[in-house]
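In what follows, a single structure is set out as structure tokens and then discussed.
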2 protein chains.
Amino acid sequence: MTAGARLEERWRGILAVHARTMCEIDRVLHPHGLGASDFEVLDVLATEGPEEGAQCRVQNLVGRVHLSQSALSRLIARLEKDGLVERTMCAEDRRGVWVTLTRRGRDLHAEVLPLQRAVLARMLGDDDQPTSGAGQ
Amino acid sequence: MTAGARLEERWRGILAVHARTMCEIDRVLHPHGLGASDFEVLDVLATEGPEEGAQCRVQNLVGRVHLSQSALSRLIARLEKDGLVERTMCAEDRRGVWVTLTRRGRDLHAEVLPLQRAVLARMLGDDDQPTSGAGQ
DNA sequence: GGGAATTCGTTGCACGCGCACTAGTTGCGA
DNA sequence: TCGCAACTAGTGCGCGTGCAACGAATTCCC
């Protein structure tokens, strides 16, 4: 009984932190034409292959971001339209698609990374589970 | 530098737990015609006023669930359409709207609460921050 | 008392998401 | 060699969400 309530409380804390942080990341990234999911993909791409021209399959990305394949597919299409990534056919397995970060995408990621980190520091570093109605 | 990476790691952990738990709650609740947000509202309503006929303003709900007013407004409309809540005019402040849990809504909440708690126990009770690629 | 500013809930609109399905490719066994 | 299952990525569709604008009611302040 108390254990259930404790779990509930913890869950609400996670919900609160997630909502506020996500919302803030969105707000900070929006002026740069990105959403939180967009950044997540860019970040994975930049982390996976720091060197120029590093490639990554869509399938590989699905496991690392919290999106369905369809959502990821469309998101990559938007990113490509904005010139941040490029899609190239995989010669070895013609079903697969290589996704590569363009120079522009890499630069944009480097530009907004500090902003995202600042939000994280502000939201997570301070307190991470305001138990009851602490702040607005 | 390391602090930033640590923050990033923690954030990814929160993201992962949130996504998996939320998704699982959705899956468990869906057969009962509810989504995670629906349950959240029902739960707040049931917690706020355990007694029959307890009322709550929409405005009051906005601060407790992580949704915009517009989303909440439509959600309540859906809940009302399903006969789980009722909207009545507030005589004192005619702008406001009282939201009351119906008998059916209260019963449904009592029915699915254990399911949600079970998911929470399974997702949160076990481990809450898988540092790196621990599980699928 | 009367008009401006504020608050409350709803609605028009566009967009991102997941589910189910499709098209194309590969691997395996008969 | 053929056929079938498994897999990869993309697409049609419906839906829930947030932003901005709106109408209605209230409060403030002169």
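The values are calculated or read from the model by the stated rules, or taken from the named source; none is laboratory data. All values derive from a computational prediction rather than experimental measurement. As a convention, Cβ positions derive from the backbone with ideal geometry for all residues, glycine included, and neighbour counts pool all protein chains shown.
Does B:Arg27 count as away from every other protein chain (no Cβ under 12 Å), surrounded by fewer than 16 Cβ atoms within 10 Å (Cβ to Cβ) and in a helix (DSSP H, G or I)?
yes
Give me the pairs: first residue in the range B:80-94 and more than 14 Å from chain A (Cβ to nearest Cβ) and of a type in the set (Ser, Thr, Tyr), second residue within 14 Å of DNA strand D (Cβ to nearest atom) and in a strand (DSSP E or B), beta-carbon distance under 7 Å, and six or more apart or on different chains, which are they?
From the range B:80-94, the pairs are B:Thr88/B:Trp98.
Return the pairs, sorted by first residue and then second, in which the second residue is surrounded by 20 or more Cβ atoms within 10 Å (Cβ to Cβ), the first residue lies in the range A:96-108 and is part of a loop (DSSP other than H, G, I, E, B), the beta carbons are less than 7 Å apart, and the residues are 6+ apart or on different chains.
Qualifying pairs under 7 Å: A:Thr102/A:Leu84; A:Thr102/A:Val85.
Quick one: which residue in B:Arg57, B:Arg94, B:Arg64 is under 17 Å from A:Ala19 (Cα atoms), within 16 Å of DNA strand C (Cβ to nearest atom) and modelled with pLDDT under 95?
Only one candidate qualifies: B:Arg64.
Within the set of pairs 6 or more residues apart or between chains, which connect a residue that is closer than 14 Å to A:Asp43 by Cα inside the range A:57-77 to a residue that is surrounded by fewer than 17 Cβ atoms within 10 Å (Cβ to Cβ) and among the basic types (Lys, Arg) with Cβ atoms less than 8 Å apart?
Close Cβ pairs (under 8 Å, with a partner that is surrounded by fewer than 17 Cβ atoms within 10 Å (Cβ to Cβ) and among the basic types (Lys, Arg)) amount to A:Ile76/A:Arg87.
Which pairs have Cβ atoms under 7 Å, sit 6 or more apart or on different chains, and link a residue in the range A:28-46 that is at positive phi to one that is surrounded by fewer than 21 Cβ atoms within 10 Å (Cβ to Cβ)?
These pairs meet every condition: A:Gly33/A:Asp82.
Can you name every residue in the range A:30-48 that is under 16 Å from A:His66 (Cα atoms) and assigned to a helix (DSSP H, G or I)?
If the condition is that a residue be under 16 Å from A:His66 (Cα atoms) and assigned to a helix (DSSP H, G or I), then A:Ala36, A:Ser37, A:Asp38, A:Phe39, A:Glu40, A:Val41, A:Leu42, A:Asp43, A:Val44, A:Leu45 are the ones that fit.
Being in contact with a helix residue (DSSP H, G or I) (Cβ under 9 Å, 6 or more places away or on another chain) and within 11 Å of DNA strand D (Cβ to nearest atom) is true for just one of A:Leu108, A:Leu101, A:Leu67, A:Leu72. Which residue is that?
A:Leu72
So, B:Arg78, is that one over 13 Å from the mean Cα position of the chain (by Cα), among the basic types (Lys, Arg) and modelled with pLDDT of 95 or more or not?
yes
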